[in-house]
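Okay, so here's the structure we're looking at.
The values are calculated or read from the model by the stated rules, or taken from the named source; none is laboratory data. Just so it is clear, the structure is predicted and the values come from calculations on it, not from any experiment. Note that each Cβ is placed from the backbone with ideal geometry, even for glycine, and that neighbours are counted across all protein chains shown. The accessibility values were calculated without ligands, DNA or RNA, using every heavy atom of the protein model including side chains. Shrake-Rupley method; radii C 1.70, N 1.55, O 1.52, S 1.80 Å.
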Amino acid sequence: MAELFDEIEINGMVLKNRSVRSATWTGMAGKDGRCTTRLIRLMDELARGDVGLIITGFAYVMPNGQALKNQLGIYNDAMIPDLLKLTKRVHAANGKIAMQIVHAGVQSVVRQRRDAPTWGPSAVYDSLFRRTPKAMTQREIKETVHTFARAADRVKRAGFDAVELHGAHGYLVSQFLSPARNRRTDRYGGPIENRARFLFEIYRAVRKSVGRNFPVLIKLNTKDFVRGGLNQGDALFVAKKLDEMGIDAIEMSGGVPAAGDLGPARPKIRKASDEAYFLPLAKKIKKKVSCPIILVGGIRSYRAVNHILKTGAADLVSMSRPLIREPGLIRQWKEGDRKKAKCISCNQCFGAARSPEGVYCVVERLAKTRKKKQR
Ligand SMILES: Cc1cc2nc3c(=O)[nH]c(=O)nc-3n(C[C@H](O)[C@H](O)[C@H](O)COP(=O)(O)O)c2cc1C
Ligand code: SF4
């Protein structure tokens, strides 16, 4: 069975180990979504920290699909030159990098105006985001499918090693998958075969645009953890179907913002049993698919990592918050220092990502300031 520092190949992309930096919005992109030197510096640090595969923060495929400020964009060709600088830098540091692409749907920062409402599968009020999206027409669905395909082609032309579709966490694809948000009565709503049609069309179009030999990954929920949301059976159906269609790897996550403490980035991971909180559900999916499974969510210790890999519960392990606090964590483990990640899962880094400098670990910074004062 595999160990963390074993190589793995995913559709021709050879990773030096089984670690993944899960997609993380950094708040470091330019106003218009361009890649900045700050972002390049951070990715370079992760590559030098021996992360096997870095996944960028979610990049919006069209302006009305932007979720947050200073989020990466991939909505036109003008984005490519700066992204080429990023991929070159990561490759020079012997790293591999994928870009995650998204349409945020109702979870978009675009204010709901009559001339530019947010989009969703159905006009269902979202009490967390306090708005009702416009139900997309079939024409808008088609347009969005093409937009994903064009964005994926840009990802390839910008020198990335892979593209990851964001199908989780309550964004547009995940909204289509969820019966709570998708009340359509046409071919995109109803049974899971229909609710997943939008995603399958995106996958097919993306595959066609990047070709058979370019790795296409997806981040999917094992479950939404809200009443009426995507359930385990639905998730299994989607994963199996994508596997048959030729997806190259599935990153298993879970939760939507309305799930609170059962969301994607859960707080209070204190003891070993709190770690890898999507493992039980992901394991069931792993048994039914042939493509590699990447597990994300609350992985904090080398012990948990090796347990996941050695038992074959997943093929790769993915982390976000631990690598915000310690970008060099994987290298540290490789060099024999196997201490648990210092991240305490307090989620204050979400707020930090809104600061002008972009994401940083609030706890680490406070600790450093305190130390300085004591000197
Ligand atoms: C600041 C921050 C930004 C995030 N941005 C993204 C994102 O852009 N795309 C995504 O799929 N998940 C995003 N996530 C979720 C993480 O990728 C990951 O699924 C979650 O944090 C659980 O993993 P962890 O326990 O290792 O942090 C973000 C998490 C944090 C803390
Ligand atoms: S602020 Fe730091 S300790 Fe808290 S979750 Fe973020 S990375 Fe972890």
With every protein chain kept in place and a 1.4 Å probe, the chain has an accessible area per residue in Å² of 43 Å²
Descending accessible area (1.4 Å probe), largest on the left, turns 350, 160 into 350, 160
Sparse-neighbourhood loop hits (trypsin sites (Lys or Arg not before Pro), segment 35-105; DSSP loop; Cβ within 10 Å at most 16 others) -> 69
For the chain the translational diffusion coefficient, Stokes-Einstein from a Kirkwood Rh over Cα pairs at 25 °C and viscosity 0.890 mPa s, in µm²/s, is roughly 120 µm²/s
Using eta = 0.692 mPa s and T = 37 °C, Stokes-Einstein with Kirkwood Rh from Cα pairs puts D for segment 30-104, in µm² s⁻¹, at 265 µm²/s
Computed on Cα atoms, Rg of segment 137-180 relative to 2.2 N^0.38 Å comes out at 1.34
Quick calc, segment 7-145, dipole around Cα centre from Cβ unit charges on Lys, Arg (+) and Asp, Glu (-), nearest 20 debye, gives 400 debye
Taking protein heavy atoms only, a 1.4 Å probe, and rounding to whole percent, the accessible area of the chain owed to carbon and sulfur comes out at 51 percent
Measuring from the longest principal axis of the C-alpha atoms of the chain, the long axis of helix 362-374 (C-alpha) lies at a number of degrees, nearest 10, equal to 30 degrees
Across 5 Å bins beginning at 0, the whole-percent shares of Cα-Cα pair distances in segment 154-223 come to 4, 17, 25, 21, 15, 11, 6, 2, 0
One checks the Cα atoms of segment 76-166 and finds Rg and Dmax, in Å, of 16.4, 48
The Cα extents of segment 203-273 along the principal axes, largest first and rounded to whole Å, are 42, 27, 19
Taking Cα atoms, the helix 138-157 axis meets the longest principal axis of the chain at an angle in degrees (rounded to 10) of 30 degrees
Full extension between residue 124 and residue 346 adds, at 0.36 nm per residue less the Cα distance, a length in nm of 76.8 nm
Taking placed amide H atoms and a strict 5 Å upper bound, the residues 5 or more places from residue 338 or on another chain that come that close are none
Here Rg/Rh (Cα, Kirkwood) for segment 207-365 equals 0.98
Too long for a 19 Å Cα-Cα cut-off, among 271/339; 223/286; 96/240; 69/96; 208/283, are 96/240; 69/96; 208/283
